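Report on the structure given below.
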Amino acid sequence: LGSAAGEGLAALAVARLQLTRARPDMALRLGAEAFGKFRETGNKKAEACALCALVDAHMLKASLVDTGKYVRQSHLLKLTPTEREEELRRMRSKHLDDALQETEQALELFRQARDKRGRADLLCTVADIHLGLGSLDDAKEAATSARDAFHDLGDREGERTALLTEMEAHIADKDGLEALDVAKEIVKVFKKAKDRAGELDGMLTVMKVHQMMGQTGDVMRLAGELRAMCREERNAKMEGQVVDALMQAHIQNGSVDDAIATAQEAMEVYRRGNDKSGEAMALHACGCLQLDRFFKDFEESMEDFRRRGCLQQYYKEPDMATYDAALGLIKTAVRLFKDASDRPGQSMAEETARITEQRAAMLNDPDVTKQVFKDGRVVDVIRTWNP
């Protein structure tokens, strides 16, 4: 390697390392340095790769906006919540625009270098950028071009990635029918290649689109077919995801008992597949469903109690055994999330337990406020419930 080429490769390698460490500004500097060195050598493909590092750095800056990095907090403090969100959106868009500007030259360099794979990967990135900017037609166009390029390369995974991006653009555009057609195309790609795992994953995507469209009948129909295929392939993890989608369909239909039964089934499926995070998610869902019903029953009981004049004979004790069992599921989920090193899941379950215990503290007994006498004897008492 010549001196310029070697220096360029070294700068690009360090730029990539800085990206993994969430240091986009350093990556931008090193990526630009690498691009300059490669330009001296006339290596078009290497120049394009250096520009891709710049694209990734700008996209990283956009993703870090919500964390507070690269944002002047003193400036945001002066804004209303609505103005703050608008300012953050503007900043994200600026970084994405910067990324998009770098892609034009990189795509041309990949074309000159006849690097079809590099160009296909970058087209997928371009589609993602347009999606982030809300340029949905441009996102669809770039994703379609990427899909065609991956198809020519015989890269089914790349084709699937491009189709998923196109599907997301249709969903963002509130075009469920087009999204469903694209999801079905994913199934066709893998079915044609006799790739059973890819076909299963595509069918799961189709089912999720049906779910987003509120087509619960189609979800339930597909769930039965998918579960049979998952069992044939011994894919317990995916079967758990199917059962979870089925549970969501029951919730959409207002069938709480069926949703609870399905969540319990999902727990067993994930347990069989030794998927602690999945089992914890199912436990959490089951516990939340049971707690929602417990509090709803309690509120209805209290409403009836007040309507009847707060007389003691109409007061019903809350079913604390059901509450304790449901809260126990949430606490077990916390432990399993921790065992699986799933920090977001653990935080979610801990927050659920905290809120639930606070809410349960409101379930104190009513206070005696008045005694009802008849013939000199106390025949009833009037109680009020003071949380």
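Residue by residue, here is whether (1) part of a helix (DSSP H, G or I); (2) free of Cβ contacts under 8 Å to residues at least 60 places away in the same chain holds:
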position: R119; (1), (2): yes, yes
position: L122; (1), (2): yes, no
position: T125; (1), (2): yes, no
position: G132; (1), (2): yes, no
position: E159; (1), (2): yes, yes
position: A162; (1), (2): yes, yes
position: E185; (1), (2): yes, yes
position: K194; (1), (2): no, yes
position: T205; (1), (2): yes, yes
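Where helices (runs of 4 or more DSSP H) sit wholly within the stretch 249-359, those with at least 3 residues that are under 30 Å from V219 (Cα atoms) and of a type in the set (K, R) occupy 276-307.
Which of the residues spanning the stretch 209-226 are buried (at least 17 other Cβ atoms within 10 Å of the Cβ) and part of a helix (DSSP H, G or I)? If you could, list the steps in order and put the result at the bottom.
Taking the stretch 209-226 and keeping what is buried (at least 17 other Cβ atoms within 10 Å of the Cβ), we get 209-211, 215-216, 218-219, 222-223, 226.
If the condition is that a residue be buried (at least 17 other Cβ atoms within 10 Å of the Cβ) and part of a helix (DSSP H, G or I), then V209, H210, Q211, T216, D218, V219, L222, A223, L226 are the ones that fit.
Condition test on M302, is it of a type in the set (A, V, I, L, M) and open to solvent by 20 Å² or more (accessible area, probe 1.4 Å)? So M302 does not fit the description; no. Of the candidates D121, D66, the single residue that is open to solvent by 70 Å² or more (accessible area, probe 1.4 Å), at pLDDT below 95 and either closer than 27 Å to A162 by Cβ or among the small types (G, A, S) (or both) is D66. Among residues of the stretch 274-302 that are closer than 15 Å to T356 by Cβ and aliphatic (A, V, I, L, M), those with a beta-carbon under 6 Å from a residue that is open to solvent by 20 Å² or more (accessible area, probe 1.4 Å) and at pLDDT 95 or above at least six positions away or on a different chain give the pairs L283/L329; L283/T332. Contact map, the stretch 213-238: residues that are touching a residue at least 40 places away in the same chain (Cβ under 8 Å) paired with residues that are assigned to a helix (DSSP H, G or I) and open to solvent by less than 20 Å² (accessible area, probe 1.4 Å), Cβ distance under 7 Å, separation 6+ or inter-chain. Pairs shown: K237/G278.
Looking only at the stretch 332-358, count how many residues are charged (D, E, K, R) and buried (at least 17 other Cβ atoms within 10 Å of the Cβ). Break it down stepwise before answering.
The initial filter retains those residues of the stretch 332-358 that are charged (D, E, K, R), namely 335, 338-339, 342-343, 350-351, 354, 357.
From what's left, buried (at least 17 other Cβ atoms within 10 Å of the Cβ): 342.
The total comes to 1.
Looking at the stretch 130-157 only, could you name the residues that are touching a His at 6+ places or on another chain (Cβ under 9 Å) and surrounded by 17 or more Cβ atoms within 10 Å (Cβ to Cβ)? The answer is L136, D138, A139, K140, E141, A142, A143. Scanning the stretch 85-107 for residues that are open to solvent by 70 Å² or more (accessible area, probe 1.4 Å) and within 26 Å of G42 (Cα to Cα) gives Q101, E104, Q105.
Specify which of the listed residues (V189, V242) is in contact with an Asp or Glu (Cβ under 6 Å, 6 or more places away or on another chain), β-branched (V, I, T) and not in a loop (DSSP other than H, G, I, E, B). Steps first, answer last, please.
Details: V242 fails: in contact with an Asp or Glu (Cβ under 6 Å, 6 or more places away or on another chain).
Just a single option satisfies the conditions, and that option is V189.
Pick out the one residue from A22, A4, A10, A50 that is open to solvent by less than 60 Å² (accessible area, probe 1.4 Å) and under 30 Å from H151 (Cα atoms).
On inspection, the qualifying residue turns out to be A50.
The values are calculated or read from the model by the stated rules, or taken from the named source; none is laboratory data. What you are looking at is a predicted structure, and each value in this text was computed from that prediction instead of being measured. As a convention, Cβ positions derive from the backbone with ideal geometry for all residues, glycine included, and neighbour counts pool all protein chains shown. When the accessible area is computed, the model is the full protein with side chains, heavy atoms only, and any ligands, DNA or RNA have been set aside. Shrake-Rupley method; radii C 1.70, N 1.55, O 1.52, S 1.80 Å.
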